[in-house]
Amino acid sequence: MNWQQIGCLAGFVGQFMSTGSLIAAAFTGGATLVIAGIGYSVSTLSMMFGCG
């Protein structure tokens with residue numbers, strides 16, 4: 001595996017985890033929502049560069 005495939009996979013896993021965090025944060029609110037949003041953005045970017 002090269003770094004691009006790893007980035008793609010990490011992005012996919014990160015997006016899956018961030019989606020769960022966003023759902024939880026929607027109920028709890030606060031800083032969790034910001035952290036989950038940042039995680040989601042970062043994983044989306046790594047998927048765009050890694051998978052594309």
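The values are calculated or read from the model by the stated rules, or taken from the named source; none is laboratory data. All of these numbers come straight from a predicted model, not from anything done at the bench. When we count neighbours, we look across all protein chains shown, and the Cβ atoms used for this are built from the backbone with ideal geometry, even at glycine. We work out accessible area using only protein heavy atoms, side chains counted, and drop any ligands, DNA or RNA first. Shrake-Rupley method; radii C 1.70, N 1.55, O 1.52, S 1.80 Å.
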Every listed condition ((1) at pLDDT below 80; (2) surrounded by 13 or more Cβ atoms within 10 Å (Cβ to Cβ); (3) not polar (S, T, N, Q)) holds for residue 10 save (1)
Apart from one, (1) over 13 Å from the mean Cα position of the chain (by Cα); (2) aliphatic (A, V, I, L, M); (3) assigned to a helix (DSSP H, G or I) all hold for residue 9; the odd one out is (1)
Does the stretch 26-40 contain any residue that is at negative phi, under 11 Å from the mean Cα position of the chain (by Cα), in contact (Cβ under 8 Å) with a residue 40 or more places away in the chain and open to solvent by 50 Å² or more (accessible area, probe 1.4 Å)?
no
